[in-house]
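Student: Mind having a look at this structure? Questions to follow.
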Ligand code: GLN
């Protein structure tokens with residue numbers, strides 16, 4: 001006798017929220033239907049699929065990678081282990097940008113990963129010209145797929161930060177959520193399913209930010225009006241200093257939903 005939805009839920013030793021998400025994913029039943037139709041029997045294929053996903057979950061794979069989906073700024077993004085899972089913290093960066101961008105700005109998102117920053121900006125402010133780069137071809141393909149699913153017209157280039165673009169191209173706004181975790185930060189253990197190169201620079205967590213600011217100074221100092229870079233909760237002061245070292249003075253750090261310093265911005269004083 002195959003398990004019913006209710007029976008599988010009762011027997012499962014997963015977190016109940018996770019168990020319901022997996023059930024919905026595999027059966028196509030909504031959260032409400034999992035209750036109203038809890039006596040619905042699982043087919044054999046559904047059952048074996050569920051057992052497989054439950055095992056993966058127990059090994060620590062984050063739910064968004066199992067479901068290949070993460071919501072960001074109320075849109076669904078495809079995710080897989082070649083890109084970071086978009087975080088709510090980054091939504092605060094989006095909100096700040098939406099308050100400060102001009103409709104005609106050309107924006108570049110460096111290290112775009114799933115494309116969540118670039119795509120969200122383009123969807124929220126469709127008159128922007130948005131470009132994005134990533135060094136990882138797998139990440140870039142994921143971002144392209146998301147842009148196509150969400151119908152966002154974005155120029156994607158593969159390469160290291162600004163080096164992905166022709167040297168004569170200019171931008172008004174530079175945004176990035178680069179790898180900023182220190183190589184010896186114990187949080188990396190908990191993030192072992194996410195791409196390590198998107199999380200840490202293998203050093204003190206500030207190397208990529210330093211490279212980005214140095215490229216920005218060299219290539220974009222005449223056009224840039226805004227720089228916005230995400231960083232770790234304890235890096236605000238270091239990052240402001242890096243901005244100043246590269247000639248971007250009076251940078252400001254902003255806090256995330258958890259009240260931690262999360263991103264630093266610079267605006268051209270005109
Ligand atoms: N915000 C992520 C975390 O701390 C890290 C993202 C990054 O390194 N860019 O889990």
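For (1) surrounded by fewer than 15 Cβ atoms within 10 Å (Cβ to Cβ); (2) in contact with a strand residue (DSSP E or B) (Cβ under 8 Å, 6 or more places away or on another chain); (3) outside any loop (DSSP other than H, G, I, E, B), each residue gets a yes or a no:
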position	(1), (2), (3)
157	no, yes, yes
178	no, yes, no
188	no, yes, yes
192	yes, no, no
198	no, no, yes
205	no, yes, no
239	no, yes, yes
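Student: For residue 229, indicate whether it is in contact with a helix residue (DSSP H, G or I) (Cβ under 7 Å, 6 or more places away or on another chain), assigned to a helix (DSSP H, G or I) and within 16 Å of the ligand (Cβ to nearest atom).
Tutor: Here the answer is no, as residue 229 does not meet what is asked.
Student: Exactly one of these conditions fails for residue 190: (1) within 14 Å of the ligand (Cβ to nearest atom); (2) in contact with a helix residue (DSSP H, G or I) (Cβ under 6 Å, 6 or more places away or on another chain); (3) over 16 Å from residue 111 (Cα atoms); (4) without any contact (Cβ under 8 Å) to a residue 40 or more places away in the chain. Give me its number.
Tutor: Among (1) within 14 Å of the ligand (Cβ to nearest atom); (2) in contact with a helix residue (DSSP H, G or I) (Cβ under 6 Å, 6 or more places away or on another chain); (3) over 16 Å from residue 111 (Cα atoms); (4) without any contact (Cβ under 8 Å) to a residue 40 or more places away in the chain, residue 190 violates only (2).
Student: Next question. Just to be sure before I move on: is residue 223 in a loop (DSSP other than H, G, I, E, B), in contact (Cβ under 8 Å) with a residue 12 or more places away in the chain and in contact with a helix residue (DSSP H, G or I) (Cβ under 8 Å, 6 or more places away or on another chain) in the structure I sent?
Tutor: The answer is no for residue 223.
Student: Filter region 82-102 down to the residues that are in a loop (DSSP other than H, G, I, E, B) and in contact with a helix residue (DSSP H, G or I) (Cβ under 6 Å, 6 or more places away or on another chain), then identify the one that is farthest from the ligand (Cβ to nearest atom).
Tutor: 82
Student: Of the numbered conditions (1) without any contact (Cβ under 8 Å) to a residue 60 or more places away in the chain; (2) surrounded by 18 or more Cβ atoms within 10 Å (Cβ to Cβ); (3) within 16 Å of the ligand (Cβ to nearest atom), residue 234 fails exactly one; give the number of that condition.
Tutor: That leaves (2) as the condition not met.
Computed from the coordinates by the stated procedures, all read-outs in this text should not be read as laboratory data. Note that the structure is predicted; figures quoted are calculated from it, not measured. Methodologically, a virtual Cβ is constructed for each residue, glycine included, from the backbone with ideal geometry; neighbour enumeration extends over all protein chains shown.
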